[in-house]
Every structure is written in C-alpha cells, then in structure tokens.
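One structure is given here, and the rest of the page talks about it.
The values are calculated or read from the model by the stated rules, or taken from the named source; none is laboratory data. Bear in mind that the values here come from a model prediction, so they are computed numbers and not experimental data. Here the Cβ positions follow ideal geometry from the backbone for every residue, glycine too, while neighbour counts run over all protein chains shown. Side chains are part of the model used for accessible areas, which takes the heavy atoms of the whole protein and leaves out ligands, DNA and RNA. Shrake-Rupley method; radii C 1.70, N 1.55, O 1.52, S 1.80 Å.
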Amino acid sequence: QAHAATDTATDTDAAHAQAQGAPAGAGADAAPVGGGVGVQDDAEVAEDYEDEHDDDDEDDEDEVRHAERSLERIERLLNRHSRHQQHHEAKGARKDERRQGRAERRSARHNRTSLVRRAATTFVHEMGLNGGRARARARAAAGFAENAMFCFLMANNTIVQQPAHMLGLQDALVRHAKAFIRNSVASAAPWFLYFADLHPHTVLFNHPRFGPGPPGPFESANAQYGQVMRELDWAVGELLTTLDEVGAAEDTLVIFTSDNGPYQEEGWAQSGRKAGLKGGKGQLWEGGIRVPAIVRWPGVVPAGAVSDAPVRAIDLMPTIAAFAGVRLPPSLLIDGVDQSLFLQRPTDAHNGWLASGRVSFHYCGVHVIAARYLGIKVFWRTQRWQAGFEGTCTQCCPRAGYTAGLFGSTTLCQCDERSLETPERPLVFDVRNDPNETTPLPHTAEAYVTAVEAATKALEEHRASLDPDVPCVNCPLPVPLKTWPCCEGSLPQCHDDECGMAARLGAACTYSLLAHRAQLGSAGASATAALQTATAALAGPDAEALPPTAVTAPPARSRLFQCEARYVLGSVSGILYM
C-alpha cells in the first residue's frame with residue numbers, strides 16, 4: 001500500500017507540473033517556486049505516510065500479542081481452576097467413600113458381634129457351662145470330651161455326636177470301618193479305606209478295658225501310652241479279622257505306618273521312643289521321619305521279609321496305582337516312585353529310589369533343607385534346638401512357636417529363618433550305616449562329593465519345575481469358616497458361596513441320641529433307630545451313619561445352635577490367627 005501510494009502521488013505531481021508548463025519528470029528535482037515559500041516534495045510526503053502506517057501496524061501487532069497473552073493467562077487460570085475443582089470433587093468423593101466404608105464396616109462388626117454374642121449365649125445356655133470346670137469335669141468323668149464345642153464326631157458331612165465320647169471313640173471308628181469293609185466287599189467293586197487312627201497322638205485316652213494289666217509287649221514305665229498302644233493293636237486286629245471273615249484278605253493290600261516320629265515336646269510320659277535316632281516329630285533328622293511300616297498282602301508280599309531300603313509316604317499313590325493297573329499320565333510330575341515291584345521282591349535292586357538313583361527332597365515348611373541320594377543324606381540347613389528343657393525332652397523345641405507365647409503350650413521346631421542354621425559345608429550322613437546320624441562324612445570323601453553334587457543338581461531341576469503361581473501347600477493358613485459344617489439357611493453366613501463343600505453336598509447339622517439300650521430300654525432303641533434314619537436322609541444317600549455307641553449321650557441340641565457353635569468356632573479361629 002505504501003508503494004502504491006508513492007506511485008500515485010508521483011503521477012499526480014507530474015500531471016500537475018505539465019499542466020503548469022513544467023517539463024515532465026521534474027518531480028522531486030524541481031526548484032521551489034515563488035518568493036521563498038517552500039513546497040514539501042512528494043518523496044517526503046510518501047515517507048511520512050509510510051512511517052505513520054508502519055507505526056499503526058506495529059501497534060496492531062502489539063495489541064494482538066497482548067490479547068493472545070491475556071487469553072493464554074485466562075486459559076491457564078481456567079485450567080487451574082478446573083483442576084482445583086476436580087481435585088476437591090475427587091477428594092470429597094473419596095471422603096464420602098471412606099465414610100460409607102467405615103459405616104458399612106461398623107455395621108458388619110455390629111452384626112458379627114451380635115451374632116457371636118447370641119451364639120455364645122446359646123452355647124453357654126445349651127451346654128450348661130455356667131458350672132465352669134465342675135461341668136467339664138463331670139463330662140470328662142462320663143468319658144466325654146471336656147470341650148463340647150471343639151470336640152465333635154462326624155460321619156461324612158453330618159455331625160452325629162457332640163461332645164464326642166472319647167472312651168468309646170475307638171469302638172465307634174472300628175465299627176464304622178468294619179461296616180464299610182463288609183459293604184464294599186459285598187458290592188464287588190474296588191474300594192479304598194483310609195483308617196486314620198487317633199492313637200497314639202496326644203491327648204492319650206482309651207477304653208477302660210485296655211487299662212493297666214499284666215506285663216506285656218505294650219507295658220512300660222509309661223502306663224498310659226502302653227494302654228493306648230494296646231487299644232491300637234486291638235483296632236488293627238479287628239480290621240484284619242474282618243478281611244479274613246469276608247474272604248478279602250488275599251485281595252487286599254494292607255499298609256500300616258505312621259506320619260512322623262514321637263512328639264517329644266509333649267514330654268516322655270506322652271510320647272513314644274525313637275531308639276537312638278536323632279530329633280523327633282517336626283524335624284528332618286531320622287527321629288522325625290523314619291517310622292515303622294508293615295505291609296500285608298498274602299500271596300503277593302512275602303511274609304517275614306525285612307528291609308531298611310527307603311520307602312516314603314509319597315510312594316503310596318503311584319504304588320497303589322500300579323497294583324490297580326492304573327497308568328499315570330506321563331506328563332504329570334510325580335514326587336513319589338512306584339514301589340510295587342519292591343513290595344513283591346524287597347531287595348535294593350527292586351527299590352524305586354535305590355534302583356533309579358533319584359534324589360528325594362525333605363521340606364521344612366517352604367524350604368528344602370535336606371535330600372537323600374541312595375543311602376546318603378545331605379543337609380544344607382538344620383533346625384536349631386532349644387537348650388534348657390532337658391527335663392522335658394532332648395533335641396527338641398518346646399517353646400519355639402508363637403502358640404507357646406500365646407497359650408504356654410508345647411510346639412515343634414520351626415522352619416523360619418531364625419530357626420534354621422546353615423553350616424559352612426553341607427552335612428552328609430551315610431544313614432544306612434549310621435541311621436542315628438552321629439558321624440558326618442568328611443567333605444573329602446568320594447561319597448560326600450558324589451552325593452552333594454547329585455543332590456544339588458537335582459534340587460536345581462526340582463526348583464525349575466515348580467509353578468510360581470501355585471500357592472504353597474505348607475504355608476500356615478487360617479481355618480476359614482467355610483470349612484466347617486454349616487446349616488443351609490439357618491444363619492446369614494450359611495450360603496453356598498461361604499459354606500464350601502459341606503453346603504454343596506447338602507450337609508445338615510444334627511445331634512445324635514446315642515442312647516444305651518440297657519439304660520433307656522425300648523424307648524432308647526426306638527430313638528436310636530429314628531436318628532439313624534434321619535441322619536442318613538439328611539446326609540444324603542452316600543452317607544453312612546455311625547452305629548449306636550453304647551454310652552449315655554447328652555440330650556440332642558437344636559440345629560440352629562449347632563451352626564451358631566460352628567460360627568463361634570470360626571470366629572475364634574480367625575481372631576487367634578490375626
């Protein structure tokens with residue numbers, strides 16, 4: 001525009017000059033005309049015009065930039081205000097959420113407290129605990145468990161006796177097992193019975209007919225322990241006799257063994273002996289894991305054969321599967337080995353561990369601290385014993401666990417880091433020639449080097465095979481309420497999603513009127529028969545009610561009380577765990 005204005009002005013001046021007789025093109029070079037009065041030339045006019053317009057343009061640009069900056073500031077302020085507002089709204093929402101959560105938790109605690117209080121009141125009223133220890137002693141004198149809540153007897157998913165009659169418990173278990181054997185043999189179908197006897201675990205109890213008697217194989221300085229062993233011997237004999245009576249002895253594999261060595265922390269008056277073996281229950285020394293095993297199968301397992309070759313409890317599943325003709329999936333990792341050939345020919349050459357050269361591992365909690373390769377045992381770590389309790393036990397830990405601090409009760413050696421010791425070099429023992437583990441092999445011995453190398457390599461492979469997403473099965477966990485028997489619909493917490501398998505199987509809570517016929521006569525017999533029918537109906541077609549126990553039982557209680565008692569038990573377990 002400035003350039004165009006200049007050209008226009010120049011053309012106009014030239015035309016004016018021509019009209020006045022001036023030569024064309026004089027323009028800016030023409031001399032001033034008229035008596036000293038100057039006339040501004042066209043170039044200066046154009047330059048001034050340009051300067052004015054340039055100043056106006058710069059002012060406009062400044063105003064635009066100022067407006068843009070103002071808009072940016074306003075936008076930042078608006079964004080900041082919006083963020084503050086969102087923050088305050090979110091903060092308020094979180095406060096409301098926390099406030100609502102606290103109210104819901106208070107309500108839930110109130111409901112649980114009311115339920116527990118109501119259940120406890122019912123328990124005290126129904127069980128007559130107002131009498132305190134006198135009432136408990138009266139129950140114990142009659143042969144019943146002092147603690148009626150924690151000690152009950154179940155047939156499958158049905159509670160049939162509470163409190164349990166301890167002096168007659170072995171009789172009840174044996175009768176139930178014998179009935180199962182007879183019914184199973186009569187059905188001509190394969191069957192499996194796991195008879196987990198309570199003997200000789202503490203507390204020690206037995207029927208009076210197995211009380212003190214003449215000196216025999218079970219008598220010792222520990223009279224009560226001897227009586228318990230006598231009753232255990234009778235129970236095993238009853239089961240074997242039943243097999244003979246139904247003609248199933250030659251078709252039945254019988255395995256008698258134990259799960260661990262003596263619980264020496266309970267004191268020598270309450271535990272067995274370990275014949276010089278080191279350690280005891282809860283430990284991985286031979287005194288804790290080497291237990292007797294007796295196998296009977298006439299015509300298959302040679303009678304009278306004795307072997308000290310290793311057989312582990314984890315071998316039972318693959319061994320029984322082999323005898324039954326069941327082929328295990330080859331892709332499935334099995335910790336145990338098939339010992340079916342060894343049981344038929346009990347020599348080292350046929351032993352599953354010795355013949356294969358596999359390494360077996362010994363877990364202490366979640367830690368592998370020892371392993372066995374052939375006849376050699378390797379310890380990477382050992383459990384620390386407690387000193388100062390030699391009057392109770394030796395090589396033991398009677399006050400190692402948290403329960404000892406809570407209740408003053410005995411415990412076992414623990415498996416946490418504080419309870420384990422790590423030697424400078426692995427401890428290695430030849431347990432076939434030194435079962436008491438008194439003399440470690442020197443680290444320069446060939447057997448030492450071979451065993452440590454084999455065990456270490458196998459341990460690396462074992463750890464690589466573990467699934468890290470599978471929770472460990474040895475971790476201590478609280479007992480959830482859903483694992484306890486539950487009456488469907490009786491209480492708010494008794495729902496299918498909370499009662500676990502018991503609810504899904506339609507379990508029902510009930511008490512039995514296990515009445516002594518001689519005491520109650522025909523009325524007692526009728527009540528017992530009615531109870532048997534009701535129990536079978538409640539527990540389902542696959543449940544077998546226990547035969548009547550020949551004792552006088554407490555009166556029957558309500559189903560509602562039974563579930564409330566279970567709820568109290570679950571609540572107490574959770575509180576103690578927390």
Problem set entry | Ranked order, Glu238, Glu97 - accessible area, probe 1.4 Å, largest first | Glu97, Glu238
Seminar exercise, completed: Here FRET efficiency (C-beta to C-beta, Ala447 to Glu97, R₀ 60 Å, nearest 0.05) is 0.35
Problem set entry | Label-zone membership for the stretch 303-347, site Asp467, 7 angstrom Cα→C-beta point, backbone N under 16 Å | 329-335
Exercise. So who's got an amide H within less than 5 Å of the one on Leu427, skipping anything under 5 residues away but keeping other chains? H placed 1.01 Å off N, in plane.
Worked result: Phe379
Seminar exercise, completed: If the chain between Tyr363 and Arg345 were fully extended at 0.36 nm per residue, the gain over the current Cα-Cα distance would be 3.5 nm
For this session: Give me the number: length gained by fully extending Leu78 to Tyr194, i.e. 0.36 nm times residue separation minus the C-alpha to C-alpha distance, one decimal in nm.
Result: 34.1 nm
For this session: At most 12 other Cβ atoms within 10 Å and a DSSP loop assignment: could you name the trypsin sites (Lys or Arg not before Pro) in the stretch 346-387 that fit?
Result: none
Problem set entry | Calculated from backbone phi, Karplus (6.51, -1.76, 1.60) coupling profile of the stretch 183-193 in Hz, x at Gly/Pro | 5, 5, 5, 5, 6, 6, 10, x, 9, 9, 10
Exercise. Per the 1.4 Å probe, what fraction of the accessible area of the stretch 292-422, in percent, lies on carbon and sulfur atoms?
Worked result: 58
Problem set entry | Rounded to whole Hz, the Karplus (6.51, -1.76, 1.60) HN-Hα couplings of the stretch 223-239, x for glycine and proline | 5, 5, 5, x, 5, 4, 5, 5, 5, 4, 4, 4, 4, 5, x, 4, 5
Exercise. Highest mean first, what order results for 285-296, 187-198 on Cβ atoms within 10 Å?
Worked result: 285-296, 187-198
For this session: Order the peptides 453-463, 69-79, 314-324 from the highest to the lowest mean number of other Cβ atoms within 10 Å of their residues.
Result: 314-324, 453-463, 69-79
